[in-house]
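Derivation of every value follows stated rules applied to the coordinates shown; laboratory data play no part. As the structure is a prediction and not an experimental result, all values here were calculated from the model. All Cβ positions, glycine included, derive from the backbone under ideal geometry; neighbour counts span all protein chains shown.
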Amino acid sequence: MASVTLENVTRMYGAVTAVDQVNLRVKSGEFVTLLGPSGCGKTTTLRMVAGLEKNTGGRISIGDNVVSDADKGYFVPSERRRLGMVFQSYAIWPHMTVFDNVAYPLRIRRRTDKEIQDRVMNALRLVEMEQYAERPSPALSGGQQQRVAIARALVFEPEVLLLDEPLSNLDARLRTQMGDEFRQLQQRLKITTLYVTHDQSEAMALSDRVVVMHGGKILQVGAPEDIYRRPESRQVAAFFGTPNLLQAKVRNCRPNGGQYYKLDVEGRGWSGECHAAIEIPAGADVTVMVRPENLQIGEAGAANGGLSWAGEISQAIFRGPHRSVMVKTADQTLHIETPSLADVGIGRAVTVAAPSDAAWAVRS
Amino acid sequence: MTIIHNRSLDDIAETGPTLGGNAVTRAFSGGSIGRLIGMLALIAILGFLTIYPLAMLLYGSLHSTPPGLAGEFNLNGYRAIMTTQNFLVLINTVGISLAKTVPSLTIAVFLAWIIARTDTPFRGTLEVLITLPFFIPPILTAMAWGMLGNPQVGVINLVWRSISGSPDPLVNVYSYGGVVWHMCQYSIPFLFLFTVDAFRAMDPSLEESSRMCGASRWTTFRKITLLLMLPVLTSSFMLSFIRGIESFESPLFFGLPAGIKVITTDIYESINHRATPDYQYATSLSFAIMGLMFLLVIWQWALLRGKSFQTVTGKGFRPNVMELGPWRWVTFGFCVLFFIITVVLPVGQLLLGSFFRFFGFYTYEMLTLEHYRAVFSNSEFWRAVRNTMMLGLLGATATMALGAVVAYVSVRTRWRGRSLIDGMAWLPWMMPGMVLGVGFLWAFAMLPGPIPIYGTVWALLLAYLALGTPVAVRVMTGAYHQLSYDLEECSRVHGASWFQTMWRIMVALAWPAFAVGWVLTFFGIMRELSASILLYSVGSETLAVVLLKLWANGNAEQVSVIGLMMMLLVILFRWVQLRFIKARISKL
Ligand SMILES: Nc1ncnc2c1ncn2[C@@H]1O[C@H](COP(=O)(O)OP(=O)(O)OP(=O)(O)O)[C@@H](O)[C@H]1O
Ligand SMILES: [Mg+2]
């Protein structure tokens, strides 16, 4: 398996910069996901790695080989990059059977019939589609087409696997199931994978590392948990779920003994402790992020370490697994997720609290 | 709403409570009497336009004397066409059509690929230029090429002789090659219009995934692109092949002088060029060619059944334009060259021919405006202009109206008899203009005395109506298929009557298709020659007929003038269409 390296990769469409100075290294056998809102340049980045689009700036290497260098005008066409790709539309050729679709990459490489037969059936078995081999491919469901597309991408053992929103055409239940199956397959084969999605939970569940993109630029690269719990900027923080973002001023900053810093912050009508990735001088403005599931509702007046707010319950929505509660405080309305069993009374005066390691500050 | 999903509105009107409206609208929307009258009227009209001439054709082929004379029934006509000479004619017809379809399709696919899939500069303009020859009446280009490629005095040969000094001509259009060459000029843009959107609509990831699998561009083109296009290519091939068999102008102009006969010119000759017209022979031959067409249409059906690949997916779709680098100027040049050969050269020849006293003698002293004067002071010319415009405007409107109604009944209602109507409207599809002309010749002659249609412009109008109906129905069927039933039903639910719904929703939404069809039909009428030449008489000549008569008298110079006028008209209409009607012809 090979690594993929992008150095200052840029793509312009006329005056529009679709991808702007992207630097990324996908290690051998790693599963990396490009995540971001629509139009942020995920597909363009993937297609540049695939060689379906030429980068207008920077350099792309696969393994030890440079495959595209804009400055030197060097470009290896897609068919010689030894990549597997799964398209968003699956791109299953409708004039061929399932078998012929999967066999195509091998036939192009002029393998013997015996080898083709063995490897295609192996690939189909991998995705549990061997009983469909002789089906004409238009007679497949969305999920089956997706499996065929994966089998086709894997059959010639590519260096790297590229996937562009492969699950977005499936329904919610199938999406989770196929995602988990695919992750298992990837870990078993240890194949380097670059995956594009705009679904946050999919990205977190599947990847070793997530790349958050916005406006053609990379905002942050990190393990799913890091990105979710310790975002580097307000934008990344706001991208996942619906966190509470509060304006505050730093009173005091000290190392917490580990990798991070502990801050004393003060907002409008509240104060307390939180964490940050970097040292932030006293007096600086910060945004404190607290996720709804980490907030607890207690009796009025009760307080411990961390952060706490006094307020009054203004709204409660039953959502099945949990209950969304809105608490009006002196600063702003907080969004809290509580277990749905707990009963809440609208208008009740309460204290909302969060432990200090669930509150994360970024410079605003 | 899902229950009534694929039922038509009128079932609902029948079974459910009527939504709004008074007794009259109810009578037309659901009432059986109004519907019956409407259907009978449609059947009568279509019957007169298609079944009646067909029946008369059959009658004529079995009857020994021309229409109106006493005679007997026999099989002499069919016996007469069973000759070895006619076998040769058949081989010629099929051979020439094949010979023009194969290269035309190749070039058309190449052009379509250039326009739809490469970054060739000025593609939008090029597309308009490439498709222009489709709208030029073939009789114009035929005459222009007759002058360009004439072995003695054609411009090409004059230039060739003065460059090379050789006494032999470079080209001679009066040959098999000439016939094929001329047919190609019309076929290529026709096939281009047919295939270009298939290229455009294809999901590019189907090709890209082939490249990702390690296939080169060329392999991808062969194994994926072409095979995916196969259904479209097959149907265009068949269509073009059928058109080739029906073709009249090319073999008339370039085949007959060289003794090359095809079926259409043979029919024409047996009526127009014999001391006594042999009607029985002509009708028998017409019937034979219809049999051939029928077989071809059946074959086409068999080939295409269940073979349409829906390749448009929409999701994750991005336009895939191949970057050609410096090669894009080569493809650009190819498109321009095509335009020059098919439009600039013939139009230039017409211009040249119109300003010199005699065509072929292009010297300064020969410059003159006398042909323009002669044409503009010729009352026959003006009458032909009036006739053509009148027939074009009226014919296109009537054809499209009929097509819109037939398509509506067959697509959007469940009325009994709708497949009969559909079938009747489709019949002329198998009849070349020549054959339909012969059929109508008999049909009009057999009408009872007090209905004097034969010899008037109405004869032509009826023939055009019949010839245009299949295309009109096709265009409108396509348009209706794209309008969901919800639109119609929603209007009814919100209180509009059937008529109001038709007018405000259906007409409002379907009119772009109607307009495109109208323009197509109008051009069709303007270029129609083979039926007109049989059905016209003094006073009801069309421009195409006048052109042919002048040409036959050797008056190539005035032909050039009239040809130029027609070209102007074509360009004007095409411009109006491109400017004001956004719907695409090839989409239908
Ligand atoms: N051929 C093109 N010409 C001009 N601009 C383009 C072209 N292709 C993409 N873009 C622009 O580049 C930007 C990035 O597009 P891209 O398709 O990579 O987005 P994406 O992140 O994949 O979005 P989505 O989640 O919607 O698929 C967009 O703003 C888009 O409009
Ligand atoms: Mg995308």
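Remarks
- Separation of the stretch B:135-161 and the stretch A:62-90, taken as the distance between their Cα centroids, equals 53 angstrom.
- From largest to smallest, the equivalent ellipsoid semi-axes obtained for chain B from the alpha-carbon gyration tensor read 40, 34, 24 Å.
- The simple spin-label model puts a point 7 Å past each Cα toward its Cβ; for residue B:352 and residue A:226 those points are separated by 7.6 nm.
- The simple Förster model, with R0 at 35 Å and r as the Cβ-Cβ distance, assigns residue A:56 and residue B:222 a FRET efficiency of 0.70.
- Helical segments meeting 20 Å axial Cα length and Kyte-Doolittle 1.6 threshold in chain B (DSSP H): B:32-46
- Across the stretch A:19-82, the mean sequence separation of Cα contacts (distance under 8 Å, 6 or more residues apart), normalised by length, yields a relative contact order of 22 percent.
- Computed helical MRE - 222 nm, chain A, DSSP H runs ≥ 4 contributing -39500 (n - 2.57), nearest 500: -7000 deg cm²/dmol
- Pairs from the table (B:223/B:261; A:27/A:54; A:54/A:114; A:190/A:262; A:42/A:190; A:42/A:249) lying more than 31 angstrom apart at Cα are B:223/B:261; A:54/A:114; A:190/A:262; A:42/A:249.
- The charge dipole of chain B, taken about its Cα centre with unit charges on the Cβ of Lys, Arg, Asp and Glu (plus for the first two, minus for the last two), comes to roughly 1160 debye.
- When the alpha carbon coordinates of the stretch A:1-123 are projected onto the principal axes, the ranges are 48, 31, 27 Å, largest first.
- If you plug the beta carbon distance of residue B:303 and residue A:128 into 1/(1 + (r/R0)^6) with R0 = 45 Å, you get a FRET efficiency near 0.75.
- Model label points for residue A:330 and residue B:552, set 7 angstrom from Cα along the Cα-to-Cβ axis, are 10.6 nm apart.
- Largest to smallest principal axis extent of the C-alpha atoms in the protein assembly as shown, angstrom: 117, 81, 62
- Dividing the Cα radius of gyration of chain A by its Kirkwood radius returns 1.07 for Rg/Rh.
- Calculated FRET efficiency for the pair residue A:176/residue A:135, C-beta based, R₀ 30 Å, to 0.05: 0.75
- Note on residue B:549: aspartates and glutamates with a C-alpha under 17 Å away, same-chain residues under 8 apart excluded, are B:249, B:269, B:380, B:528, B:541, B:557.
- Normalised contact order of chain B, rounded percent, pairs of Cα under 8 Å and 6 or more residues apart: 22 percent
- Using a simple spin-label model with pseudo-atoms 7 Å out from Cα toward Cβ, residue B:330 and residue B:274 lie 5.5 nm apart.
- Compactness relative to 2.2 N^0.38 Å, alpha carbon Rg of the stretch A:260-349: 1.19
- Furthest towards positive pole of dipole, B:529, B:404, B:367, structure part chain B, Cβ charges: B:404
- Separation of alpha-carbon centers, the stretch B:367-407 and the stretch B:438-472, rounded to whole Å: 18 Å
- Each Lys and Arg adds +1 at its Cβ and each Asp and Glu adds -1 at its Cβ; summed about the Cα centre, chain A shows a dipole of about 660 debye.
- Cα gyration tensor shape for the stretch B:82-364, rounded if a/c is under 1.5, else prolate or oblate: oblate
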